[in-house]
Amino acid sequence: MILFGLIGNPLSHSFSKQYFTDKFRKEALSDHRYENFPLRSMEELPELIVKYPDLQGLNVTIPYKEQVLRFLDHCDENARAIGAVNTIKIIRDKRKAILEGYNTDAFGFYASLKPFLDKDVTNALILGTGGASKAIAHVLKHLGISFLFVSRHPKKSSQISYEQLCGPVLYMHQLIINTTPVGMHPDEDAFPDIPYEFITGRHILYDLIYNPLETKFLKKGREMGAHVINGLNMLHLQAEKAWEIWNNEG
């Protein structure tokens, strides 16, 4: 049996297991299996690797994308630059399991956002400062889009508080990306606390959440005329990139 899985906590929101289970069935990979592994802390990862000797790859989700770095033997250059990992390739030899870290969130975000960009998008707001936000910032730098992080507790000059969001700030930032879990199932009535009355048809609202497909954040933006994008296509793209990494013998 060839085993893959997802680590994080909680995992009730994740589509990954169903996505890969369906993929394995469609591609007649009957000897492949994908499981959820909820970890109470990252300290449980080494035990998990030992317990499941057939495990060849892992996806990493909230809240471990940054914490997992210290458990890795090698880290891809992009993942190191981002400072967060969401994909682990496990290479087993006779002595130990070697863990290689990658970030496919950046690839998925870039590929899903690029078709909707034009020259008018020059500034962005990134809601949240967790592991996913780092991949988003990495992509925006590559695209030449300036950005500010929005945090409940800003600590750096590149961060502002939700209380500082106002008409002029939203006018200057045409792209707003929610990287927080606010609005994720089952808390579907929640939404980031931004002044939606200043959202216009010039704005793009992107939510990394894919369950529900339309969060309150996106619904409020759509009602103000903004173009809205959910995280489902990004999920598919990053999942396929992870599959490519797991199967790359190089």
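The residue of the stretch 128-140 that is surrounded by the fewest Cβ atoms within 10 Å (Cβ to Cβ), among those that are over 11 Å from residue 82 (Cα atoms) and of a type outside the set (S, T, N, Q), is 130.
Any chance the stretch 133-155 includes a residue that's of a type in the set (Val, Ile, Thr), free of Cβ contacts under 8 Å to residues at least 40 places away in the same chain, in the same structural domain as residue 225 (by TED's automatic domain parsing) and out of contact with any Pro (no Cβ under 8 Å at 6 or more places or on another chain)? Yes: the stretch 133-155 contains one or more residues that are of a type in the set (Val, Ile, Thr), free of Cβ contacts under 8 Å to residues at least 40 places away in the same chain, in the same structural domain as residue 225 (by TED's automatic domain parsing) and out of contact with any Pro (no Cβ under 8 Å at 6 or more places or on another chain).
What number of residues in the stretch 205-225 are surrounded by fewer than 21 Cβ atoms within 10 Å (Cβ to Cβ) and of a type in the set (A, V, I, L, M)?
Pass one, the stretch 205-225, residues surrounded by fewer than 21 Cβ atoms within 10 Å (Cβ to Cβ): 210-214, 216, 219-220, 222-225.
So of that shortlist, the ones also of a type in the set (A, V, I, L, M) come out as 213, 224.
Total satisfying the criteria: 2.
Of all residues in the stretch 163-201, those satisfying the criterion of being of a type in the set (A, V, I, L, M, F, W, C) and surrounded by 19 or more Cβ atoms within 10 Å (Cβ to Cβ) are 165, 170, 175, 176, 177, 184, 191, 194, 199.
Each residue in the stretch 101-124 was checked for being in contact (Cβ under 8 Å) with a residue 60 or more places away in the chain, surrounded by fewer than 20 Cβ atoms within 10 Å (Cβ to Cβ) and within 18 Å of the chain's Cα centre (by Cα), and 1 pass. Taking the listed residues 225, 201, 183, the one that is part of a loop (DSSP other than H, G, I, E, B) and touching a Lys or Arg at 6+ places or on another chain (Cβ under 7 Å) is 183, with no other qualifying.
The values are calculated or read from the model by the stated rules, or taken from the named source; none is laboratory data. On a predicted model such as this, the values are computed, not experimentally measured, just so you know. Glycine also receives a Cβ, built like all others from the backbone with ideal geometry; neighbour counts cover every protein chain displayed.
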